[in-house]
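As structure tokens, the structure follows; a few thoughts come after it.
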Amino acid sequence: MKIFLRSFCCFILIVCCCAFFGCGKEENIVKDESKLQVYTSFYCVYDFVSKIGGDKVQVYNLVPNGTEPHNWEPTAGDILGLKDADVFFYNGGGMEGWTDKVMESVKGENVRCVCLSEGIELIGGNEGADPHIWLDPKNAKKEAETIKTTLIMADPDNEEYYNQNYKDFSDKINKLDSDFKAAVLNKKNKTIVVAHQAYGYLCKAYGLQQLAVEGLSADSEPSPAKMAEISEFIKNNGVKVIFFEELLAAKSVSVISEETGAELLVLNPFEGLAQQEIDNGEDYFSVMRKNLENIKEAL
């Protein structure tokens, strides 16, 4: 009897685990069939699609809120949900290493899979192409235009609505771009020290240079020689600020900060937001404007 009960309990536990890990994150959301069903790869893409699609689309984001997306992998439940989507938007450029698996899984399904970095010139990093294209506002505008065009193709009855939302987005982007240009104009110091080599497009757009403690990979570790080199640069050049990211451990930059006396400030690559930040209404524009203020302080 005891053996039977033990075996039965193990069976129940296995079933529960399979149900928990196999289900998608959106299982409790009631689908509105009157709206386009759209999936996005991570939060930046979700934010852009939500702004252009507005209340005409129902958007599901795959990477959980507050999760660093570089090494995240979709579950079987995520892929199953994607098969019912009208459109799947992803950044590409090496940002999501799992998209080939997804494409193969939804092959033959009526799902438009759209790479937002297509047609945008990628720049290199120490470990390959830098996928963080949206950190140049002009690239974010191009991504939004691709989203608009795709939504119109999938839902032509609401073309005027999507065009208007894109215009509003574009106007805000133009103002953000103008403010970044004004902020760095005539600044003698053009180098920012960052934790993660994610800011190549931002720096290229505004004539800055990034000195990164860690590489493009979110889990790369700097060597002692690299940390010593950066510490020496900070001391010799009077650098006041080291930038870190809230979704990544800041151990390396904390050590350098303690050694050099440089202040730690956030430079958010907008890969993901914590739930509290989302609840507080944070989005691409609010995050980029905070980045702008912190860069002004650093320069």
Just the number: Rg to Rh for the stretch 167-299, Cα atoms, Kirkwood Rh, two decimals.
0.97
Place a point 7 Å from the Cα of Gln276 in the direction of its beta carbon; the residues of the stretch 229-261 whose amide N falls under 18 Å from it are 245-250
Using the alpha-carbon centroid of each, what span in Å lies between the stretch 274-294 and the stretch 181-241?
21
List the DSSP H helices in the chain whose Cα atoms stretch 24 Å or more along the helix axis and whose mean Kyte-Doolittle hydropathy is at least 1.6.
2-22
If packing is taken as the average number of other Cβ atoms within 10 Å across a peptide's residues, how do 273-281, 171-179 rank, most packed first?
171-179, 273-281
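Given the chain, what percent of its DSSP beta bridges are antiparallel, to the nearest 5?
10
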Between the stretch 37-108 and the stretch 112-165, what's the alpha-carbon centroid distance in Å?
14
Would you mind checking which residues have amide H under 5 Å from Leu264's amide H? H placed 1.01 Å from N; only 5 or more apart, or other chain.
Ile242
Mind putting a number on the dipole of the chain about its Cα centre? Charges go on the C-beta only, +1 for Lys and Arg and -1 for Asp and Glu, and I need it in Debye to the nearest 20.
460
Projected area averaged over orientations for the stretch 31-71, convex hull of C-alpha atoms, nm²:
2.9
Using every alpha carbon pair in the chain, what percent of pairs falls into each 5 Å bin from 0 up to the bin containing the largest distance?
1, 5, 11, 14, 16, 15, 12, 9, 7, 5, 3, 2, 1, 0, 0, 0, 0
Suppose each label sits 7 Å from its Cα in the direction of the beta carbon; what would the Val255-Lys290 distance come out to in nanometres?
2.7
Classified through the alpha carbon gyration tensor (a ≥ b ≥ c as square roots of its eigenvalues; rounded if a/c is under 1.5, else prolate when a/b is larger than b/c, else oblate), the stretch 77-161 comes out oblate
Per-residue ellipticity at 222 nm attributable to helices in the chain (runs of n ≥ 4 DSSP H, -39500 (n - 2.57) apiece, nearest 500 deg cm²/dmol) works out to -15000 deg cm²/dmol
Heavy-atom accessible area per residue, the chain, 1.4 Å probe: how many Å²?
50
Student exercise, the stretch 98-160 dipole from Lys, Arg, Asp, Glu Cβ charges, in Debye to nearest 20:
80
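The values are calculated or read from the model by the stated rules, or taken from the named source; none is laboratory data. Quantities reported herein were computed from a predicted structural model and do not represent experimental measurements. Methodologically, a virtual Cβ is constructed for each residue, glycine included, from the backbone with ideal geometry; neighbour enumeration extends over all protein chains shown. Areas reflect the complete protein model, heavy atoms only, side chains present, ligands, DNA and RNA absent. Shrake-Rupley method; radii C 1.70, N 1.55, O 1.52, S 1.80 Å.
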